[in-house]
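Data block below; observations after.
Derivation of every value follows stated rules applied to the coordinates shown; laboratory data play no part. For clarity, every value in this text was computed on a predicted model and none was experimentally measured. Here the Cβ positions follow ideal geometry from the backbone for every residue, glycine too, while neighbour counts run over all protein chains shown.
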Amino acid sequence: MKATIFAAGLLSASAALAETPVLTVYAGDSIVSEWGPGPRIEEMFEAQCNCDLQFKPGDLLPRLLLEGDRTEADIVFGLNTDVTRKARESGLFAPHNVDLSPLTLPIAWEDEIFLPYNYGHTAFIYNTERLPEPPASFDALLEAPDDLKIVIQDPRSSVSGLATVLWMQAVYGDKAEEAWEKLAPKILTVTKGWSESYGLFTDGEADMVMSYTTSPAYHIIAEGDRSKKAAIFPEGHYFMVELAAKVASTDQPELADQFMAFLLSEPFQEMIATGNWSIPAALPREKWPEGFQELELPEKVLFYSEDEAAALRDEAIEAWRRALSR
Amino acid sequence: MAPRIVALTAAGQGVALIVAPRVVALIAALAVAGLTLGPVGAVLLRAGGWGALGPGDGQALRFTLVQALLSAGVSVALAMPVARGLARRRFPGRGALVALMGAPFILPVIVAVLGLIAVFGQNGLVNGALRALGLPEMTIYGIHGVVLAHVFFNLPLAVRLLLQGWLAIPAERFRLAASLGLTRGALFRVLELPMLLRIAPGAFAVIFVICLSSFAVALTLGGGPKATTVELAIYQAVRFDFDLGRAALLSVIQLALALSAGLVALKLGAGSGFGAGLDRGVTRWDGQGVWARSADALWIVLAALFLLAPLLMVGLRGLTGLVLLGPGTWIAAGHSVSVALVSTALCILWALPLATRRGELLGLAGIALSPLVLGTGLFLIVRPFANPFALALPVTALVNALVSLPFALRILRPEAEAVRADYRRLAQALGLTPLAWLRLVLLPRLRRPLGFAAGLTAALSMGDLGVIALFADPDRATLPLQVYRLMGSYQMAAAAGAALLLLILSFGAFWMFDRGGRVNADT
């Protein structure tokens, strides 16, 4: 008898579990980890949705493309503009239906599918104690003595590396290859991803590292260290944005819509700055956390639409490869 | 009648001794082939055909070959004097040194690279010393840096493989050489050279193959796109271009290169062993002169400095970070340990029946296949039947076992063959059953290499990131993944701490198994 009651209890418990709808969100590794924004996003959204938000980490687009419309993902969180074209062509995503008027991006954004939640810009980060007078412009960096050492990322294996190549392309156009050639002797090394580069920089191996305008905010807020700064160039900086999208085959369309709307809500936007160390996409500057308000940001912002970028990308990478292979 | 039955039974057991192991070996071989060719096939099927090579792929292929040849050549060449020194000398702490020197091999790439840079980088110890002496500074970035790093990773493996070869020469041969009054040159020619010719090609091949698929090391220390390897092109094809046809083509080229290297090594290393001895402790009458002693000491000290200094830097960098580790990292450490134990058991069971020449060649496929293609292929195969997220840890354990297999085979094969050559006739004469053969002859005689192989597998599985990217589970991260996640979130100090924890665990696992294999062994 006791056993039956126990079994019945188990059954009803699992039935209750089954009734809680699950929203499955594919997100990058750094988002999902305990130091990323994942845990806070989960907590905040579950408080308002009466659902179970489950993050699944890993390669976003390759996995989604492999799975096709049999994917269990409802939302994909953390795409970059260099994959949006491929993602759009796959037909796996649905319009987000979110009002874009609250966006505070430095560029116009009217995409119906990919919704930005935070952004930054490419920038070379330096240590003021080691490099009191950094190059004041991109031109000055190219002309700097060759003992100024920088670390960058490979455009073929990293998102920030690709953004660097597009940045160079946007600033120098047809002369990009020559510019890379001038920069080449100053490039200490090229790493696979951002983490390796940044590790080399914080270990004091290089004077400057290719990173984001928002990197100093981490050091200010988390470490109280104001010695890491972004060198701001008048030629402009390349815009990098992170995006979320709703998967068309979702079995939780209402929840997915609710999540997409939540991304531009003020609580999420206030949290994401320090959660993901990036600038909120829909929050006026005066509401940013203090460390972010201190950031030096570029006045001129450069950006290629996904079609422009797709047309330029292969040649820009080749120019980079040729110049650095000499 | 009775004697005939006995004779028949003995003959039957003789047949069983030959047939049963063959069946097991066949199953093991099919498993390797299936696990490597299956994923490539799945990727190819999905891609709908081979892709075309991209610009720069030719250059990448050339660079990949050159750096792998150099790295393997230098590793094996340097390993010879070091292993000889260790084989000839007895000194306090020798066992610990031999074990410790194995540690670089088992470090996760990113950690080892940062350790190397702390010693040889712009701001490293070596340049600090050069500056203090007013000498020009060195740079680690360039093809020499790539080779340096690969030697750092693989010299310990080469030393251990050769050392094992030296120790497998029965003591009686050295006795005979001494009583015949062989000169140093003659002793080298008669005893040491044949052993080197038998062991070195295999060591070269396995290091060559592992360097073929080098990626982050080559890129970071190579200094830029000149140092592009095929593995980077595969990465780009899978993760950025989603060009699976090109990825499949590149990985098959890589596989073909590796298997050719394996074939050549097999041809070159075909000599036979020294026959059985009485397992006496080896006493060396040669190499007792001052010159020989100082040369041995110098080689040992240099190798120890080269291998241990970067490890020490990893330790120092990590000490402060150790206190920053959150519960997530400790849970990840737990996952890594359990994955490593399962991989080790699996790998050893797999390696025993494959410890033959052909088996070793086949086993090379495990490290020759690009981990990214392997992961993608497994994902495509598993996906229709099960949720890949739920299988994250089992798949990792399986792949780790597959990837460690070539190392286990390299360690086990020469001695397993020697045991078969030396004791098979006796076993057949005694009519040993396959199980009795395993229990009474093979396993006890393979104890030392088995311990070494198990230690290496456990450590490799602890440190290897493998294919987990497509099979990641948020609640079941392993420690190497955790190191990358920490670095990706600006937590450089905590990442260094997690890396140190990983080093300690990997080394602990390695030491435990290796030590277990060397109990009562005079080495």
Ranking of B:E172, A:E290 by count of other Cβ atoms within 10 Å, fewest first: A:E290, B:E172
Values of log10 I(q)/I(0), in the order q = 0.17 Å⁻¹, for the stretch B:284-370 under a Debye, Cα-only, solvent-free model: -0.97
Ranking of A:W109, A:W167 by count of other Cβ atoms within 10 Å, fewest first: A:W109, A:W167
Entries of A:K186/A:K228; A:K149/A:K229; A:K56/A:K86; A:K86/A:K246; A:K86/B:K226; A:K182/A:K300 with Cα pairs more than 18 Å apart: A:K186/A:K228; A:K56/A:K86; A:K86/B:K226; A:K182/A:K300
Per-residue Cβ neighbour rank within 10 angstrom, fewest leading, B:S71, A:S305, A:S195: A:S305, A:S195, B:S71
Beta bridges per DSSP with both ends in chain A, % antiparallel, nearest 5: 60 percent
Number of partner chain Cβ atoms within 10 Å, mean per residue of B:223-232: 5
Quarter of the Cα convex hull surface for the stretch B:106-233, i.e. its orientation-mean projected area (nm²): 10.9 nm²
Shape category assigned to chain B from the gyration tensor of Cα positions, a/c cut at 1.5: oblate
Two-decimal ratio, chain A, of alpha-carbon radius of gyration to 2.2 N^0.38 Å: 1.10
For the stretch A:61-103, the Rg and Dmax computed from alpha carbons only, in angstrom: 11.6, 34
Cα centroid of the stretch A:144-209 to Cα centroid of the stretch A:263-287, whole Å: 28 Å
Cα convex hull of the stretch A:202-270, projected area averaged across orientations, nm²: 8.0 nm²
The stretch A:205-288: relative contact order as a whole-number percent, Cα under 8 Å and 6+ apart: 23 percent
Chain B: DSSP helices with Cα axial extent of at least 30 Å and average Kyte-Doolittle hydropathy no lower than -1.0: B:2-47, B:57-88, B:143-167, B:244-268, B:290-322, B:327-354, B:392-430, B:492-518
Loop-located trypsin sites (Lys or Arg not before Pro) in the stretch A:68-139, at most 14 other Cβ atoms within 10 Å (DSSP): A:R130
Rounded to whole Å, sorted largest first: equivalent-ellipsoid semi-axes of the stretch B:38-137, Cα gyration tensor: 38, 24, 15
Percentage of interatomic Cα-Cα distances in the protein assembly as shown larger than 37 Å: 48 percent
